[in-house]
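First up is the structure itself, then whatever we jot down about it.
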Ligand code: M6R
């Protein structure tokens, strides 16, 4: 999604803005722009497409020279990607960059047109810029406060006023924004990686706090102009972790990081062989008393939630409902103060997941967040947080975040099952030990890479695929299907294998490859029958299963074996070939693996 940066200090502002924006490219965008103070004027440059287009334009046209300015990468919401719709937007007196969506922008636009303003873009952002201009009477903070009382929606705003060439103003609601603190230089950014090359110190801007950023200091006030004193945070983010480190793509690097990520996530939460989540505020006492668990998330995080449902229900015998966050928030779910709502999010900024958290709080439930990004909005607002320690995930396709989310689900399920008396201490320790062995087995699973590459070479000409599975394997088939379609652009559907006969099997021909996930021993016979059914209708069949399985000849065209662990833990290894198939198919098709079209890493709008 959109990225915001801003700089004030002695360095070449344009270069700093471009460098900082390049660190936000992974979030997904379709145009970029900057506004820099140059000889008392605001010089604006924008370009559709990648950041390099903006760089080229600056070289060919004009590269502003100055020491204070703002920059933006835009992911189109209102109006197509174009030079005109790119940010910054503004008037002669003000220029802004914006993340989020202004819900009542049409009313504001109408009002401003009535006051004689004209608009050049189709964006909601331009209305905020013009509204700031309308209210501006020489005091930027006054104009911001009046503007905030009129606008509705989500926003992070970086603002510069022509009359204040050494200041950036910033404010946010429902969209993240940080203020980077340097030595005689300061920054704004929507995400820490943008400023890490310059400083590790930053302030977290809270809702409707107004920041005035100058070269030598940052001042904060509330919407009544009362001064706010804030504490500086220090980021421990590993800069190297945000580089490709010799891999061709971030996705491949992140797939290979899974053993370490899982180990780092679970190791501190195992004490004397038992799961222990007390540092996250979770105790056996609380876990045994919940009436029901809701798991709410989007995309891949929701699939991790589905694994959680199977495992918690199977082991802890506690009812679990999994919801897509964008559905949960509008379906008036029957959540009570006796329930636990678990929200799962890599970024911790997903708009729908955040809204689900708010709804759960309104209904009096406790919210546990499973989040990767430290200090993100969801982590800060939840009652309890289990941080996954996957490190920065840059590729839009989520891989290592999924594995660590599942790992946390297992720890929770084991602890809950023990707390509720559903499993003995010995069994709990046994399962926990098996989970601790998983990182090594994930490493071993990587050996299937060549086979996955071969399978990918068979898939690149397909226009549509089916993924099938039963039980836990069905959730994994959903994840495999999502991964493939989001980066390779090959249409795929995932089906509960037993459901095929109720309609979808009519699609199966020799032009429809079918990837089956068949790792659950109690469901294996049924799965084999389902695979036979599609095979007999001409499908090219690829089966992911436990090692050393024996099948009758002629059913499986390709078999991808993964190490055998206890069934309940199989998703931890099964996901690897599914990720690799998606990865290699995309590479062979020559597509942009890490930044697929139309997608953003962090979906901060509804
Ligand atoms: O940051 P989140 O975990 O909340 O993001 C949720 C989804 O947007 C995300 O998992 C998405 O589905 C991935 N691109 C899938 O690979």
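Where a number appears in this text, it was derived from the coordinates with a stated rule and is not lab data. Only a predicted model underlies this, so the values are computations on that prediction, with no experimental measurement involved. Using ideal geometry, Cβ is built from the backbone for each residue, glycine included, and neighbour counts are taken over all protein chains shown.
When 82, 529, 403 are ordered from fewest to most other Cβ atoms inside 10 Å of their Cβ, what list results?
In increasing order of surrounding Cβ atoms, one gets 529, 82, 403.
Sorted by packing (mean other beta-carbon atoms within 10 Å per residue), highest first, where do 116-123, 176-183, 11-18, 300-307 land? List each step's numbers first, then the result.
On the way: 116-123: 13.6, 176-183: 22.1, 11-18: 20.5, 300-307: 25.9.
The most tightly packed comes first, giving 300-307, 176-183, 11-18, 116-123.
Using 1/(1 + (r/R0)^6) with R0 = 41 angstrom and r between the beta carbons of residue 506 and residue 457, what's the FRET efficiency to the nearest 0.05? Write down the numbers at each step before the final one.
Numbers: r = 28 Å, r/R0 = 0.68.
Calculated value: 0.90.
What full-extension length gain, to one decimal in nm, is calculated for residue 61 and residue 93 as 0.36 nm per residue of separation minus the Cα-Cα distance?
9.2 nm
Which whole-number percentage describes the relative contact order of segment 136-227, with Cα contacts under 8 Å and a sequence gap of 6 or more? Before the final figure, lay out the partial values.
Details: 162 pairs, mean separation 22.3, N = 92.
This gives 24 percent for segment 136-227.
Quick one: grab the alpha carbon gyration tensor of segment 224-275, order the square roots of its eigenvalues as a ≥ b ≥ c, and give me rounded if a/c is under 1.5, else prolate or oblate depending on whether a/b is larger than b/c. Provide the component values of the computation, followed by the final result.
Numbers: a/c = 3.84, a/b = 1.41, b/c = 2.72.
Verdict is oblate for segment 224-275.
Would you mind ranking 483, 173 by Cβ crowding within 10 Å, fewest neighbours first?
Working: 483 28, 173 19.
Ranking 483, 173 by Cβ neighbours within 10 Å, fewest first, gives 173, 483.
Between residue 552 and residue 142, what is the label-point separation in nm under the 7 Å Cα-to-beta-carbon projection?
Once both label points are built, they end up 8.5 nm from each other.
Along the three principal axes, how long is segment 367-431 when you take its alpha carbons, biggest first, rounded to the nearest angstrom?
That works out to 40, 25, 14 Å along the principal axes.
Working out 0.36 nm times the residue gap between residue 219 and residue 591, then minus their Cα-Cα distance, what length gain in nm do you get to one decimal?
Details: separation 372, 0.36 × 372 = 133.92 nm, distance 4.53 nm.
Between residue 219 and residue 591, full extension yields an extra 129.4 nm.
7 Å from Cα along Cα→Cβ at both residue 362 and residue 110: what's the point-to-point distance in nm?
The answer from the label model is 2.5 nm.
Report for the chain the percent antiparallel among DSSP-assigned beta bridges with both residues inside it, nearest 5.
Values: 59 of 99 bridges.
If we restrict to bridges inside the chain, about 60 percent are antiparallel.
Sort 185-196, 581-592, 19-30, 51-62 by the packing proxy (mean of other Cβ within 10 Å over each peptide's residues), most packed first.
Numbers: 185-196: 26.1, 581-592: 20.3, 19-30: 22.5, 51-62: 14.6.
The packing order, highest mean first, is 185-196, 19-30, 581-592, 51-62.
Between residue 118 and residue 226, with labels modelled 7 Å along Cα→Cβ, what's the label distance in nm to one decimal, could you check?
4.5 nm
Over the chain, what relative contact order in percent results from Cα pairs under 8 Å that are six or more residues apart? Working shown, then result.
Values: 1383 pairs, mean separation 71.9, N = 606.
Worked out over the chain, it gives 12 percent.
State the Cα centre-to-centre distance between segment 365-425 and segment 201-257 in whole Å.
22 Å
Give me the extension gain from residue 314 to residue 443: residue separation times 0.36 nm, minus the current Cα-Cα distance, reported in nm with one decimal.
On the way: separation 129, 0.36 × 129 = 46.44 nm, distance 2.70 nm.
That pair, residue 314 and residue 443, stretches by 43.7 nm at full extension.
As I understand it, the value is the acute angle between the Cα axis of helix 400-419 and the longest principal axis of the Cα atoms of the chain; what does it come to in degrees, rounded to 10?
On a 0 to 90 degree scale, this one is about 60.
Quote the convex hull volume per residue of the chain, based on C-alpha atoms, as a whole number of Å³.
Hull volume normalised by residue count: 158 Å³.
Hey, what angle do you get for helix 105-114 against the long axis of the chain, alpha-carbon based, 0 to 90 degrees rounded to 10?
20 degrees
Within 10 Å, count the other beta carbons around each residue, average over each peptide in 405-416, 137-148, and list them highest first.
With the highest mean Cβ count within 10 Å placed first, the list reads 405-416, 137-148.
Suppose R0 equals 45 Å; then what is the FRET efficiency for residue 39 and residue 206 from their Cβ-Cβ distance, rounded to the nearest 0.05?
Working: r = 35 Å, r/R0 = 0.79.
The calculated FRET efficiency here is 0.80.
Measure nothing fancy, just the Cα-based angle from helix 351-362's long axis to the longest principal axis of the chain, in degrees from 0 to 90, nearest 10.
That helix lies at roughly 80 degrees to the long axis.
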